[in-house]
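The values are calculated or read from the model by the stated rules, or taken from the named source; none is laboratory data. Computed from a prediction, not measured in an experiment: that's the story for all the values here. Cβ placement follows ideal geometry from the backbone for every residue including glycine, while neighbour counts extend to all protein chains displayed. The protein model used for the area step is the full one, side chains on, heavy atoms only, and it has no ligands, DNA or RNA in it. Shrake-Rupley method; radii C 1.70, N 1.55, O 1.52, S 1.80 Å.
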Amino acid sequence: MRPAEIDALQDADARENYRVMLRFRARLLEAATLEALYADLFRRDIAVPPDFIHHTVQVILRGLLDGTRDGLEARAAEIFFRTQQIAVQEGAVMAADHETVRLHAETGGFGDLGRLLREGQMLPRSAELDVLDEHNAGRYFDRDESHDTVLQINPGRPGSAALARVLERWMAHFHGVRTTVTPVREIADEDWIWHVGLDTEATAMLNEIYGGGEVDEERMKRIVGLFRVDFHDRSALRPEHADAPVFLGMATRPDGTLRMKPQNLLMNLPLAARL
């Protein structure tokens with residue numbers, strides 16, 4: 001669509017939406033790779049709608065995981081680009097797709113029919129979703145577009161290990177570094193030199209704690225994932241960080257949702273050579 005055609009549209013929102021879409025399209029066509037486009041969005045602070053960023057991450061991860069038959073890794077990758085609803089049940093930290101949980105709560109999973117039944121109070125409000133583990137992980141590929149499976153992300157659980165492997169792939173893909181990412185339950189003070197929050201909430205909390213501040217117990221409970229990153233080639237890090245691991249953290253918002261920001265792993269690692 002030409003600029004004059006956009007200017008001729010009567011709806012102001014429609015005009016702006018077309019301009020935003022065309023700006024993003026122009027950036028996409030200019031970029032050598034999709035990864036270069038993605039990194040450039042944050043290096044140059046280019047304003048684009050969040051959904052454009054999330055879909056870009058999804059396409060990149062689709063390429064990274066091409067050929068994998070590990071349903072746990074494929075499900076863990078969704079955490080990078082889809083908001084998760086976190087629930088803690090008897091100590092188990094469960095990650096479910098936020099939009100799916102919302103739809104189940106509204107319609108019982110039956111679309112418009114479910115909404116009508118909900119209005120008649122004929123459906124339960126809870127969503128019964130299947131929890132993936134090492135025994136049933138293959139089921140993911142039969143319903144990968146449904147986003148209706150749950151991942152347990154406690155340290156020591158297969159879901160947490162799968163998320164760690166996807167984090168390794170992500171850093172290797174963008175930075176060319178080999179790492180071992182290990183889920184941990186806490187950060188030892190003597191090892192804590194550098195951290196990266198994988199979302200806004202974790203970034204704020206880790207910064208406060210590292211700076212000597214106090215975080216109240218209820219807020220601390222919202223930290224749902226900690227990971228230790230060990231770099232195989234220590235020379236990949238700045239000299240002052242070469243002898244220490246890097247720690248990653250994830251935390252929920254007050255409403256229990258988790259929105260990961262994988263771009264933090266592009267810009268905030270203490271690498272000797274920046275992306």
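Tell me, yes or no, whether segment 231-241 has at least one residue that is open to solvent by 10 Å² or more (accessible area, probe 1.4 Å), of a type in the set (A, V, I, L, M, F, W, C), assigned to a helix (DSSP H, G or I) and in contact with a Gly (Cβ under 8 Å, 6 or more places away or on another chain).
Taking every residue of segment 231-241 in turn, none turns out to be open to solvent by 10 Å² or more (accessible area, probe 1.4 Å), of a type in the set (A, V, I, L, M, F, W, C), assigned to a helix (DSSP H, G or I) and in contact with a Gly (Cβ under 8 Å, 6 or more places away or on another chain).
Conditions tested, residue by residue: (1) modelled with pLDDT of 95 or more; (2) open to solvent by less than 10 Å² (accessible area, probe 1.4 Å); (3) part of a strand (DSSP E or B).
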site: Arg165; (1), (2), (3): yes, no, no
site: Glu168; (1), (2), (3): yes, no, no
site: Phe174; (1), (2), (3): yes, no, no
site: Val177; (1), (2), (3): yes, no, no
site: Val196; (1), (2), (3): yes, yes, yes
site: Ala202; (1), (2), (3): yes, yes, no
site: Met205; (1), (2), (3): yes, yes, no
site: Glu214; (1), (2), (3): no, no, no
site: Glu218; (1), (2), (3): no, no, no
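Out of segment 4-63, which residues are in a helix (DSSP H, G or I), open to solvent by less than 80 Å² (accessible area, probe 1.4 Å) and polar (S, T, N, Q)?
Once the filter is applied, which keeps residues that are in a helix (DSSP H, G or I), open to solvent by less than 80 Å² (accessible area, probe 1.4 Å) and polar (S, T, N, Q), segment 4-63 yields Thr56, Gln58.
Considering segment 128-163 alone, what residues qualify as being at positive phi and either open to solvent by less than 30 Å² (accessible area, probe 1.4 Å) or in contact (Cβ under 8 Å) with a residue 40 or more places away in the chain (or both)?
His147
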